[in-house]
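Peer 1: This is the structure, below, for whatever I ask next.
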Amino acid sequence: MKILVTNDDGIHSEGLHALADGLREVGDVVVVAPDRERSSMSHALTMHRPLRVRKIRENTYAVDGTPVDCVILGTYILQPEKPGIIASGINKGENMGDDVLYSGTVSAALEGAMMGIPSFAISMASRKDFKFKTAAGFALRIVRFLERRGLPKGILLNVNVPNLNADHVRSYRVTRQGKRVYGDVVCEKTDPRGGTYYWIGSDEPGFEREEGTDFDAVAQGYVSVTPLQPNLTCPVTMKSMEQWDL
Ligand code: MN
């Protein structure tokens, strides 16, 4: 089976290669990844300029585009065969709660799910000293499961792994997407010529500690596995809207 591996940290990320190397045990891995870091690109698609693909070596390609571009081109490159599984990661940093909406790692898997291919995103909950081996080992378990059972159509798995050695991880939890608490989101500074510039993003955003969420599972030392879907409709509100008089 062909496994398409991509990420948003770029073709040189150790996390990408840890994932690809780990999955070679179970399938023919083809890596198609952005040629540079493309974190926070979400579901962006490059439509107003051409895309170039550079073959780095056998079964490894760098694209001057976004993670979603890579999934589309990767699937195209593999034609007529379709990837049996799409794996995105291993991201340097967690993708939980509202961050999921900004994440290129998650969106790559989302694109795969939209194509009807069993897909998952996998991220390390840390900022440094990444224990990629732990996540690569869990990715292997997921691929073995997906090979056997597949996934409901259009659903992807968002996996977040605590940055611990594998023997210190307390199994896994099926979770729901939690809630981020962002601090100062915009930082205003002055450049050397007196001009004002802005930098978006806070240093260490917090989260609401709520049982059953991705954040809670990882904080307790479990791998978090959240099923996600591309359809953002809220059925509960939709039902209550029957009473609205717009
Ligand atoms: Mn990233």
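Peer 1: Please sort 47-58, 204-215 by packing, taking for each peptide the average over its residues of neighbouring beta carbons within 10 angstrom, highest first.
Peer 2: Answer by packing, highest mean first, reads 204-215, 47-58.
Peer 1: Mind sorting Thr60, Thr175, Thr190 by how few other Cβ atoms lie within 10 Å of their own Cβ, fewest first?
Peer 2: Fewest-to-most ranking of Thr60, Thr175, Thr190: Thr190, Thr60, Thr175.
Peer 1: Hey, another quick one. How big is the C-alpha Rg of segment 20-129 next to the rule-of-thumb value 2.2 N^0.38 Å, as a ratio?
Peer 2: Cα Rg divided by the expected 2.2 N^0.38 Å: 1.02.
Peer 1: I would also like to ask the following. Quickly work out the Arg149-to-His12 label distance, labels modelled 7 Å from Cα along the C-beta direction, and quote it in nm with one decimal.
Peer 2: 4.0 nm
Peer 1: Let me ask something else about it. If you average the sequence gap of Cα pairs under 8 Å that are 6 or more apart and divide by the length of segment 123-186, what percent do you get for the contact order?
Peer 2: Relative contact order, segment 123-186: 46 percent.
Peer 1: Just subtract the alpha-carbon distance of Met47 and Leu246 from 0.36 nm times their residue separation and send over the number in nm, one decimal.
Peer 2: Answer, rounded to one decimal: 68.0 nm.
Peer 1: Distance in nm between label sites at Met1 and Tyr197, each 7 Å beyond Cα in the beta-carbon direction?
Peer 2: It is 4.6 nm.
Peer 1: Still on this model: Please give the contour-minus-distance gain from Arg127 to Asp64: 0.36 nm per residue of separation, less the Cα-Cα distance, rounded to one decimal in nm.
Peer 2: Result for the pair: 20.1 nm of gain on full extension.
Peer 1: Just subtract the alpha-carbon distance of Glu37 and Leu101 from 0.36 nm times their residue separation and send over the number in nm, one decimal.
Peer 2: Contour length minus Cα-Cα distance gives 21.3 nm.
Peer 1: In nm, to one decimal, how far is the Glu211 label point from the Val236 one, both placed 7 Å along Cα→Cβ?
Peer 2: Each label point is offset 7 Å from its Cα along the Cβ direction, giving 1.7 nm.
Peer 1: Tell me the mean residue ellipticity at 222 nm calculated for the chain from its helices only (DSSP H runs of n ≥ 4, each -39500 (n - 2.57), averaged over every residue, nearest 500).
Peer 2: It comes out at -7500 deg cm²/dmol, rounded to the nearest 500.
Peer 1: Enumerate the calculated ³J(HN,Hα) couplings along segment 228-242 in order (Karplus 6.51 cos²θ - 1.76 cosθ + 1.60, θ = phi - 60°), each rounded to whole Hz, writing x wherever the residue is Gly or Pro.
Peer 2: Calculated HN-Hα couplings, in order: 10, 9, x, 6, 8, 4, 9, x, 5, 5, 4, 5, 5, 5, 4 Hz.
Peer 1: Would you mind checking Lys55/Lys82; Lys2/Lys153; Lys82/Lys133; Lys133/Lys179; Lys2/Lys55 for any pair whose Cα atoms are more than 22 angstrom apart?
Peer 2: Over 22 Å Cα-Cα: Lys82/Lys133; Lys133/Lys179.
Peer 1: Within 10 Å, count the other beta carbons around each residue, average over each peptide in 64-70, 232-238, 76-82, 5-11, and list them highest first.
Peer 2: Per-residue mean Cβ counts within 10 Å order the peptides as 5-11, 64-70, 76-82, 232-238.
Peer 1: Treating only the Cβ atoms of Lys and Arg (+1) and Asp and Glu (-1) as charged, compute the dipole magnitude of segment 1-146 about its Cα centre; round to the nearest 20 debye.
Peer 2: 240 debye
Rule-based calculations on the coordinates, nothing more; no lab input. Keep in mind the model is a prediction, meaning the values are calculated, not measured. Neighbour counts are summed over all protein chains in view; Cβ atoms, including those assigned to glycine, are modelled from backbone coordinates with ideal geometry.
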